[in-house]
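The values are calculated or read from the model by the stated rules, or taken from the named source; none is laboratory data. Every value quoted in this text rests on a predicted model; they were computed, and no experiment measured them. Note that each Cβ is placed from the backbone with ideal geometry, even for glycine, and that neighbours are counted across all protein chains shown. The protein model used for the area step is the full one, side chains on, heavy atoms only, and it has no ligands, DNA or RNA in it. Shrake-Rupley method; radii C 1.70, N 1.55, O 1.52, S 1.80 Å.
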Amino acid sequence: MFDGIGRSLGTDYFRIADQLTREEREYWRRTRDFVDDEVLPVINGYWERAEIPWPLIEALGKLGVVGDGIEGYGCPPMTPIATGLINLELNRGDGSLGTFLGVQAGLAMQSIAMLGSEAQKQRWLPPMAQLEALGAFALTEPLHGSDSVALESSARRDGDEWVINGAKKWIGNGTLADVVVLWARDSADGRVKGFLVEKGSPGYEARRIDGKGSLRSVWQAEITLTDLRIAEENRLPGANSFADAARVLAGTRNTVAWAALGHATAAYDIAVDYCGQRRQFGKPLVSFQIVQDKLVKMLAEICSMQLYCLRLGRLIEEGMLTDTIAALAKMNNTRKARQVIAEARDLLGGNGILLDFHVIRHMADIEAIHTYEGTETIQTLIVGRDITGVGAFT
């Protein structure tokens, strides 16, 4: 019977599963089975080769889990908690797949759903929900990572078109996307606006970033924009300030908290299974006090992450999620996930660095997840400003 977060029945110590609806359980089970049956048997090879797992992405498109809770337009109906559970499970399998979904649904699709015209929604959301069209979200720039509000890419109105110049970096799916949600500053009024860039547009040049030691099975791009012309009809009408981009980002920080839980759950489950089977000094590792101490403390961290995630989902349902709450959850869960994964790697000894045991892949991938959507430091300062009333950064 499936009644716990992750594979281990012992993981759901606070009976989180009892709080779920039947539909949420079904999304959870469907994604979990996909990860166990299709992802885990093959993902190490893709990760080691830094190759996109196209067969898995094609299968994911048929699974009916792409949409991030968007209503209509061919998107599967799901609650915020169902969305979170899907992200948990995909990241339990592989951080690259989880990141791919986050870019596709949480960033690109949500930008169009929240800020696009009806014509833009009708055109792009249905094929994106089936992964027949891929999306990207181009905000971060080479000189502006955490300080994304200072973006320098410029957009100049020229009749019925916009002329865009600038550069972007770390753009997931940027070399592959059929449509890129691109953010640039209007040179006339200084306000940040959003645009839809279609594949093959002259003036858009994307180069894959190689040499990554994290999230190796999803590609990020460095993008150069040179006199890129975008028709006015491809401007997002609801995107007229950086605050509009921030609205999209606040939602994705929720899913990043769930993603971190997925990585931690994977590492914990692996450690429990390994220590139960591995014998040293004539008995299983789980019979040693120090091993039990480590496993219990890992479980305690995972339970706290679960409670954060459950409350996030409820706050979204109630329309009460704020940027600062999302920031605290993202900061807390990625930090705890790093700790849990590090303990799991230690418990596996030398085997902990072998891909066969998966933990080292999660250890590498959590480093990127800890950083993107705002580093721990920036999230901490966002919350610090909220609780003190004093901004510690510009």
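Quick notes on this structure:
- Residue among LEU143, LEU131, LEU139 that is closer than 30 Å to LEU20 by Cα and either surrounded by fewer than 19 Cβ atoms within 10 Å (Cβ to Cβ) or in contact (Cβ under 8 Å) with a residue 12 or more places away in the chain (or both): LEU131
Each row is one residue, and each column tells you yes or no for (1) farther than 19 Å from THR99 by Cα; (2) in contact with a Cys (Cβ under 6 Å, 6 or more places away or on another chain); (3) in contact (Cβ under 8 Å) with a residue 60 or more places away in the chain.
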{"position": "GLU152", "(1), (2), (3)": "yes, no, no"}
{"position": "ASP178", "(1), (2), (3)": "no, no, no"}
{"position": "GLY190", "(1), (2), (3)": "yes, no, no"}
{"position": "GLN220", "(1), (2), (3)": "no, no, no"}
{"position": "GLU232", "(1), (2), (3)": "yes, no, yes"}
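- Flag for GLN277 being open to solvent by 30 Å² or more (accessible area, probe 1.4 Å) and touching a Pro at 6+ places or on another chain (Cβ under 8 Å): yes
- Residue tally, condition charged (D, E, K, R), open to solvent by 40 Å² or more (accessible area, probe 1.4 Å) and modelled with pLDDT of 95 or more, over segment 146-177: 6
- Applying the criterion of at least 1 residues that are aromatic (Phe, Trp, Tyr) to the strands (runs of 3 or more DSSP E) found wholly in segment 115-210 leaves 135-138, 161-172, 179-186, 192-198, 204-208.
- Test set (1) in a helix (DSSP H, G or I); (2) surrounded by 24 or more Cβ atoms within 10 Å (Cβ to Cβ); (3) touching a Leu at 6+ places or on another chain (Cβ under 7 Å) - ALA108 fails condition number: (3)
- Qualifying residue in segment 51-60 (condition: open to solvent by 20 Å² or more (accessible area, probe 1.4 Å) and over 29 Å from GLU367 (Cβ atoms)): no
- Counting only helices (runs of 4 or more DSSP H) that fall entirely inside segment 289-374 and contain at least 3 residues that are closer than 26 Å to ARG25 by Cβ, the qualifying elements are 289-317, 323-347.
- Within segment 192-202, considering residues that are in contact (Cβ under 8 Å) with a residue 24 or more places away in the chain, closer than 18 Å to GLN120 by Cα and of a type outside the set (A, V, I, L, M, F, W, C), the one surrounded by the most Cβ atoms within 10 Å (Cβ to Cβ): GLY194
- Residues in segment 221-253 that are open to solvent by less than 20 Å² (accessible area, probe 1.4 Å), touching a strand residue (DSSP E or B) at 6+ places or on another chain (Cβ under 8 Å) and either under 15 Å from TYR372 (Cβ atoms) or assigned to a strand (DSSP E or B) (or both): ALA221, ILE223, LEU225, LEU228, ILE230, ALA245, VAL248.
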